[in-house]
Amino acid sequence: MAKAATAEKSFTFMYEGVDRKGTKIKGEILSKNQALAKAELRKQGITTKKVRKKVDLNIGSGKKKITSQDITIFMRQMATMMKAGVPLVQAFDIVADGLDNPSMRQVVNGIKNDVEGGNNFAGALRKYPNEFEDLICSLVDSGEQSGALETMLDRIAEYKEKSEALKQKIKKALKYPITVVLVAIVVTGILLIKVVPVFQELFESFGAELPAFTQMVINMSEWVQANWLVGIAIAAGIFYGISQAKKRSEAFRNWIDRMVLKAPVVGDIAFKSTVARFARTLSTTFAAGVPLIEALESCASASGNSVYRDAILRVRDDVSTGQQLQFAMRTTGVFPNMALQMVAIGEESGALDAMLDKVASYYESEVDNAVDGLTSMMEPLIMSVLGVLIGGLIIAMYLPIFQLGQAI
């Protein structure tokens, strides 16, 4: 099995040669080996003089991760090139030369080679499923068939930008409290392991009975000193167990998704962001001319939550039997009334994509406000918790000293 996997791996080869007109040409091609690279170049009418495997100078794994921003930039630049009248293959070359990420540049060159070999743009994208999800491939396919590829690429870039902005808002909602809680744990641990023992030795020299609060902190310090490695191992084990369960158990993932939606404050943000993502995806695909059934399948894949994925698939099944979208959505019980009313208006007026776009914008704004509200609420709460933790430890350590001073 390992040999088969290795045989399928592709590499980037640099070549120099001449085309059918005798013009000197050089570039890069993605292929499994040098012989196949030469054969592919011959098919393209290029007589090669040199073909050599490109040396990867990146440190570490040798590959830089391709991000959502890389995909967005690629789509936006391709749209700009095509609007300017640049032919598709030449646009690939220009865009690839301007990319900072070598991994993304390699992907773009691979797409260009596929298109030059007779494949269409959407088909070439489908060879890179880790970078281009089905939704993007379907939209590009629709753009090619309608003859409005540049407009579709612009629309994809806008969709990716708004989707990424929504993700960043969610990360912002979670990043601050998680960071502060981790800092609080580390600071408290350092105080219990390093600072409290110093005071403990001082108190033992007094030979007096310690206040109950101080004794409790000292007992806690002794336990942490004896078991901190065990505590870290248990925490790491729990984290690893949860991550593995999420990877291997669909039932566990579904349970997590349900709990997230029910969680106070965070659940409201998750609910609004999921509705916004659904509306944005359906608006983009429907406006692109993708059939509603196929568009709903794309929405289910992009939902990011199993509760909504299953609900959207039920909507798809109901719509496929002839039911109106608004009624199919209503029967799931997971969509807000405002969204249902806007969809009903869109269906009746024939402007469903425009209404869905308004729904997406509204809930994206709601997520933004909810995140700002959560951040402003968490700041004083977290500072209060930190103050109680650290202040409590300081008071516990100085209580015996105060009592000793009063006795003297």
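The values are calculated or read from the model by the stated rules, or taken from the named source; none is laboratory data. What you see is a predicted model; the values in this text were computed from it and never measured. Every residue, glycine among them, receives a Cβ derived from its backbone with ideal geometry; neighbour counts consider all protein chains shown.
Considering only residues that are of a type in the set (A, V, I, L, M) and in contact with a Ser or Thr (Cβ under 6 Å, 6 or more places away or on another chain), which ones fall in the range 269-292?
A288, V290
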Q: Quickly run through the range 186-199 and pick out the residues that are among the hydrophobic types (A, V, I, L, M, F, W, C) and exposed (fewer than 13 other Cβ atoms within 10 Å of the Cβ).
A: V186, I190, V198
Q) So K175 fits all but one of (1) modelled with pLDDT under 85; (2) in the same structural domain as T80 (by TED's automatic domain parsing); (3) among the basic types (K, R); what number is the exception? A) (2)
Q.
in contact with a Cys (Cβ under 7 Å, 6 or more places away or on another chain) and touching a residue at least 12 places away in the same chain (Cβ under 8 Å): which single residue out of F278, F203 fits that description?
A. F278
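Look through N101, N119 and report the one residue that is surrounded by fewer than 20 Cβ atoms within 10 Å (Cβ to Cβ), over 19 Å from S301 (Cα atoms), polar (S, T, N, Q) and touching an Asp or Glu at 6+ places or on another chain (Cβ under 7 Å). Break it down into steps so the answer makes sense when it comes.
Values: N119 fails: touching an Asp or Glu at 6+ places or on another chain (Cβ under 7 Å).
Among N101, N119, only N101 is surrounded by fewer than 20 Cβ atoms within 10 Å (Cβ to Cβ), over 19 Å from S301 (Cα atoms), polar (S, T, N, Q) and touching an Asp or Glu at 6+ places or on another chain (Cβ under 7 Å).
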Q.
Among the residues of the range 123-137, are any at pLDDT below 85, in a helix (DSSP H, G or I) and either touching an Asp or Glu at 6+ places or on another chain (Cβ under 9 Å) or buried (at least 20 other Cβ atoms within 10 Å of the Cβ) (or both)?
A. yes
Q. Which residue out of E366, E347 is touching a helix residue (DSSP H, G or I) at 6+ places or on another chain (Cβ under 9 Å) and touching a residue at least 24 places away in the same chain (Cβ under 8 Å)?
A. E366
**Q.** Conditions (1) out of contact with any helix residue (DSSP H, G or I) (no Cβ under 6 Å at 6 or more places or on another chain); (2) crowded, with 18+ Cβ neighbours inside 10 Å: number failed by A339
**A.** (1)
Q. What is the number of the single condition among (1) modelled with pLDDT of 75 or more; (2) under 35 Å from the mean Cα position of the chain (by Cα); (3) closer than 19 Å to F92 by Cα that E28 does not meet?
A. (1)
Q) Exactly one of (1) assigned by TED's automatic domain parsing to the domain that holds A235; (2) out of contact with any helix residue (DSSP H, G or I) (no Cβ under 9 Å at 6 or more places or on another chain) is unmet by I170. Its number? A) (2)
(Q) Taking the condition of being over 23 Å from C137 (Cβ atoms) and in a helix (DSSP H, G or I), how many residues in the range 318-333 meet it? (A) 9
**Q.** the range 45-78, residues that are of a type in the set (S, T, N, Q), out of contact with any Lys or Arg (no Cβ under 8 Å at 6 or more places or on another chain) and at pLDDT below 75
**A.** S61
